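Student: Sharing a structure with you now.
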Amino acid sequence: MKPVLKMPQPSRHPHPTVKACSLAHLIFERPDLDLAERFLTDFGLITALKTGDKLYMRGTGTAPYCYRVHRARRARFVGFGLRVPTESDLIKISQLPDVSPLKVCDDPSGGLSTSLTDPSGFLVEVVHGQSEAPVLTRRSALTFNDGGEPKRVNATQRPPAKPSEIIKLGHLVLEVAEYQKTCEWYTKTFGFIPSDVQVLPDGSPLVTFMRLDLGDQPADHHTMAIAQGFTPAYSHSAYEVVDADAVGMGQRILREHGWKHAWGIGRHILGSQIFDYWHDPWGDKHEHYCDGDVFTSEEKMGVEWASPEAMAQWGQRMPASFTRPKLNIENLSGLLRSLKRSPDVTLKKLVTMAKLFS
């Protein structure tokens with residue numbers, strides 16, 4: 001039976017405040033900048049700037065940085081940045097309630113920014129006018145002999161044995177308790193378009209994959225995904241590499257350097273990316289991917305059943321540890337608060353989710 005969404009969200013908003021044009025950066029706090037830099041370098045990012053209390057990492061594309069780390073006593077995910085195409089868009093955001101005043105960015109990018117907090121408590125920095133960084137040299141995709149007329153003759157494939165060259169920060173996945181409110185906020189405030197939604201047996205949404213509204217210009221299948229959880233949490237972030245060999249070589253290098261693997265290699269169903277996931281030193285997941293789907297704004301939303309089998313076309317079945325929440329006092333307290341306050345979190349839903357992904 002074809003699934004049917006039985007909740008108001010996700011749905012695209014007819015008149016969003018602005019339409020964000022790209023995911024700019026992520027913001028983390030870490031007690032050890034050197035350790036963070038070591039993992040991110042092995043993962044394939046490049047140091048753009050390091051001071052006594054901040055670390056900026058970049059890929060090979062034009063973004064001046066895509067990953068910012070602040071020194072702090074405890075490790076946590078703080079939020080992320082979104083770019084808007086015009087200064088008037090930035091002014092529109094700055095005029096919303098509870099938004100910080102416009103300021104000049106004090107980081108490698110320059111430009112102007114303002115910031116606000118989403119309904120789940122994540123910081124969102126909105127930026128415009130950043131200066132582009134020079135594109136860094138990276139290898140081209142390997143020539144593939146596909147069984148037809150060979151394209152590679154009297155030549156071999158020897159990708160270099162080094163960390164994957166990351167092209168860009170591709171997407172971010174967040175877990176939230178206030179699912180309906182948070183999903184509506186992103187579609188209304190920044191014009192995100194739901195590409196696909198996975199639903200539970202009762203028709204309530206479990207995960208929504210949302211893309212940027214770039215009109216006729218193709219956009220990644222998702223730049224953000226919002227998953228139903230019992231407390232706000234970072235799930236993972238994803239970084240595009242040039243081809244499947246880069247994904248595979250990234251796995252080899254990270255294994256050799258002693259980092260902890262999370263899941264992969266495989267190919268997703270929704271989004272079609274070839275993927276591989278790794279834990280950073282604080283247990284946060286980071287994904288290498290290539291060959292993702294792209295949609296224009298005309299493509300309609302798909303609705304699919306949620307299940308472990310719906311996560312990948314081939315490769316290792318998604319391990320239960322991939323979605324298992326961290327059991328600590330903070331998360332248990334958050335669960336109790338959500339059960340009392342959030343209409344999206346119920347014991348029945350939590351039991352259903354546990355059975356599906358155990």
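The values are calculated or read from the model by the stated rules, or taken from the named source; none is laboratory data. Fair warning: this is a prediction, and the values are worked out from it, not measured in the lab. Heads up, the Cβs are rebuilt from the backbone with ideal geometry, glycines too, and the neighbour counts pull from every protein chain shown.
Student: Take the residues in the stretch 157-208 that are of a type in the set (A, V, I, L, M, F, W, C) and in a helix (DSSP H, G or I), then tell me which one is farthest from F122 (Cα to Cα).
Tutor: Checking each candidate, the answer is F190.
Student: Filter the stretch 302-335 down to the residues that are farther than 20 Å from D196 by Cβ and either modelled with pLDDT under 85 or surrounded by 15 or more Cβ atoms within 10 Å (Cβ to Cβ) (or both) and list them by number.
Tutor: Hits for the stretch 302-335 are R324, P325, K326, L327, N328, I329, E330, N331, L332, S333, G334, L335.
Student: Something else about it: Kindly check whether there is at least one residue in the stretch 115-135 that is buried (at least 17 other Cβ atoms within 10 Å of the Cβ), hydroxyl-bearing (S, T, Y), over 21 Å from the mean Cα position of the chain (by Cα) and not in a loop (DSSP other than H, G, I, E, B).
Tutor: No, that holds for no residue.
Student: Now, a different point. Any residue in the stretch 184-194 that is crowded, with 24+ Cβ neighbours inside 10 Å and in contact with a Cys (Cβ under 9 Å, 6 or more places away or on another chain)?
Tutor: For the stretch 184-194, residues crowded, with 24+ Cβ neighbours inside 10 Å and in contact with a Cys (Cβ under 9 Å, 6 or more places away or on another chain): present.
Student: Run down V207, V153, V176 and say which single residue is closer than 19 Å to W305 by Cα and out of contact with any Phe, Trp or Tyr (no Cβ under 6 Å at 6 or more places or on another chain).
Tutor: Details: V153 fails: closer than 19 Å to W305 by Cα; V176 fails: closer than 19 Å to W305 by Cα.
Criteria check complete, one pass: V207.
Student: Quick one: which of W263, W278 is modelled with pLDDT of 95 or more, assigned to a strand (DSSP E or B), within 21 Å of R138 (Cβ to Cβ) and aromatic (F, W, Y)?
Tutor: So the residue among W263, W278 that is modelled with pLDDT of 95 or more, assigned to a strand (DSSP E or B), within 21 Å of R138 (Cβ to Cβ) and aromatic (F, W, Y) is W278.
Student: Of these, G61, G52, which one is surrounded by fewer than 23 Cβ atoms within 10 Å (Cβ to Cβ) and closer than 17 Å to S131 by Cβ?
Tutor: Going through G61, G52 in turn, just one is surrounded by fewer than 23 Cβ atoms within 10 Å (Cβ to Cβ) and closer than 17 Å to S131 by Cβ: G61.
Student: Further question on the same structure: Within the stretch 48-71, identify whether any single residue is within 30 Å of P205 (Cα to Cα) and at pLDDT 95 or above, and answer yes or no. Full working, then the answer.
Tutor: Taking the stretch 48-71 and keeping what is within 30 Å of P205 (Cα to Cα), we get 66-67.
Now narrow it down to the ones that are at pLDDT 95 or above: 66-67.
Among the residues of the stretch 48-71, at least one is within 30 Å of P205 (Cα to Cα) and at pLDDT 95 or above, which makes the answer yes.
Student: I've got another one for you. Six or more apart or on different chains, Cβ under 7 Å: which pairs go from a residue in the stretch 279-296 that's free of Cβ contacts under 8 Å to residues at least 60 places away in the same chain to one that's among the charged types (D, E, K, R) and part of a loop (DSSP other than H, G, I, E, B)? Could you list them?
Tutor: Pairs that qualify, where the first residue is free of Cβ contacts under 8 Å to residues at least 60 places away in the same chain and the partner is among the charged types (D, E, K, R) and part of a loop (DSSP other than H, G, I, E, B), are C290/D243.
Student: To continue, here is another question. Of all residues in the stretch 30-49 being surrounded by fewer than 19 Cβ atoms within 10 Å (Cβ to Cβ) and not hydrophobic (A, V, I, L, M, F, W, C), which is nearest to H288 (Cα to Cα)?
Tutor: T41
Student: While we're looking at this one, here's another question. Select from the stretch 281-331 the residues that are assigned to a helix (DSSP H, G or I) and farther than 20 Å from W263 by Cα and list them in ascending order.
Tutor: I329, E330, N331
Student: What are the residues in the stretch 215-238 that are surrounded by 21 or more Cβ atoms within 10 Å (Cβ to Cβ), polar (S, T, N, Q) and at pLDDT 95 or above, if any?
Tutor: Residues satisfying the conditions are T223, Q228, S237.
Student: Taking the stretch 221-247, which residues are over 15 Å from the mean Cα position of the chain (by Cα) and over 26 Å from S307 (Cα atoms)?
Tutor: V242, D243, D245, A246
Student: While we're looking at this one, here's another question. Quickly run through the stretch 40-50 and pick out the residues that are touching a Leu at 6+ places or on another chain (Cβ under 9 Å) and either within 19 Å of Y234 (Cα to Cα) or β-branched (V, I, T) (or both).
Tutor: Answer for the stretch 40-50, where residues must be touching a Leu at 6+ places or on another chain (Cβ under 9 Å) and either within 19 Å of Y234 (Cα to Cα) or β-branched (V, I, T) (or both): L40, F43, I46, T47.
Student: I'd like to know if the stretch 169-183 contains one or more residues that are charged (D, E, K, R) and more than 19 Å from P232 (Cα to Cα). Can you show your working first?
Tutor: Here is the first cut: in the stretch 169-183, the ones charged (D, E, K, R) are 175, 178, 181.
Okay, now just the ones that are also more than 19 Å from P232 (Cα to Cα), so none.
No, that holds for no residue.
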